[in-house]
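These notes concern the structure reproduced below.
The values are calculated or read from the model by the stated rules, or taken from the named source; none is laboratory data. Just so you know, these numbers come straight off a predicted model, no measurement behind them. Glycine also receives a Cβ, built like all others from the backbone with ideal geometry; neighbour counts cover every protein chain displayed. Heads up: the accessible areas ignore ligands, DNA and RNA and are worked out on the full protein's heavy atoms, side chains in. Shrake-Rupley method; radii C 1.70, N 1.55, O 1.52, S 1.80 Å.
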Amino acid sequence: MQIKDALASTPALLISRLILGGLFVYAAWDKIVHPDQFAQIVLNYKLMPDMGINLLAIFLPWLEMVAGLLLILGIFPKESAAILAGLLLVFILAIGINLARGLDFDCGCFSTSTDQKSASYLLMLRDILLLLPAVHIMLFSRTRRAASVPTPEERLA
Amino acid sequence: MMYIRNTAVIVLTAVIISTLYNTFSGRGIPWFPQKVEVKGAGGIARPQLIVTAAPMKYIEVAEARAKYERGIAFIDSREDHEYEAGHIRGARHIAAAHSPEDIRKSLGAIPKDQEIVIYCDGEECGASTTLATKLQSLGFTNVQIFFGGWTEWKKAGLPTSRGSKPVSS
């Protein structure tokens, strides 16, 4: 099957890894440099129990950064992609819930502003689209132990 | 099984790095937010959650009025249309959503230790805290939040203005 071969090819996987990993490294950087601002946003989402807010703000950006870097480097690609896919699902859910509530994230208040709404829809769309390279990597990437050791897929062939 | 182990390695690495970074980088935040009692409308104390390392100073309407009369700079952190519909007379507008670079440009030559009062709609609104956090990140050390905000100011019948400039001509 030509499409399957194309998807499984190294260049295709490289593109997915660079897009997904690169975007997450970029997004994580700002949160790492300004954890107080990120904590404020987590607070404004009104979804996290109070006592967990700062722990999340401290830990999450580094999870994004580590998984993103590993993905770019091609280390543990399936697992890194799976972690980032999990995070994307959480973000999509969080944005969706707050769009339904009419909550404005910058102010943590209920606002009817259309600006904020369309920005949120765009964010959600971006996160949904990013699931594509994630799933691509999870399905087609091969975690090799050593060049000479066949992977489980290869042994079955 | 390998997948589980590898995933655990990634998560553990992130836990270790984030712990070290928060402790030693100088940009850390408290591990847990603090609950602080702030006096809002009618002197009723409301709990406010503080997530940042630097203490946030909250003031109520009487103190806000005193500062206004002394000519202290006020900043409205709400959105454009809210500011234009009515704001504290003389207050500048910087929406909480703006990036730190845009904020620094809007503030121009204000010295970093100058007293600044930020407000938004009122007690339910986090925009003032969001903007205050960004100002603190930029190095402003004397940022205060007028907790009662626009709601309390109007209720007290204090000077207001309309339009896109601090004071309408």
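Brief remarks follow.
- Buried solvent-accessible surface, both chains (A, B), 1.4 Å probe, Å² to nearest 100: 3300 Å²
- Calculated log₁₀ intensity ratio I(q)/I(0) where the Debye formula runs over C-alpha points of chain B, q = 0.08, 0.21 Å⁻¹: -0.31, -1.44
- Largest-first ordering by accessible area, 1.4 Å probe, given options A:Asp104, B:Asp102: B:Asp102, A:Asp104
- Quotient of C-alpha Rg and 2.2 N^0.38 Å, computed over the protein assembly as shown: 1.19
- Here the calculated FRET efficiency for B:Val11 and B:Lys154, from their Cβ-Cβ distance with R0 = 45 Å, stands at 0.35, rounded to the nearest 0.05.
- Taken over segment A:3-142, the convex hull of the Cα atoms encloses 107 Å³ per residue.
- Rounded percent of accessible protein surface that carbon and sulfur make up, chain B, 1.4 Å probe: 56 percent
- Under Stokes-Einstein, with the Kirkwood radius over Cα pairs as Rh, the value for segment B:20-117 at 25 °C and 0.890 mPa s is 153 µm²/s.
- Per residue of peptide B:3-13, the mean number of Cβ atoms on other chains within 10 Å of the residue Cβ is 5.
- Accessible surface, 1.4 Å probe, highest first, among residues A:Trp29, A:Trp62, B:Trp153: A:Trp29, A:Trp62, B:Trp153
- Area of A:His34 that stays accessible when all protein chains are in place (1.4 Å probe, Å², to 10): 40 Å²
- Among the listed pairs A:Lys46/B:Lys134; B:Lys112/B:Lys154; A:Lys46/B:Lys154; B:Lys67/B:Lys154; A:Lys117/B:Lys155, those whose Cα-Cα separation exceeds 21 Å are B:Lys112/B:Lys154; A:Lys46/B:Lys154; A:Lys117/B:Lys155.
- Computed as a quarter of the hull surface, the mean projected area of the alpha carbon convex hull for segment B:67-115 stands at 3.7 nm².
- Counting only other chain Cβ atoms within 10 Å of each residue's Cβ, the peptide A:62-75 averages 3.
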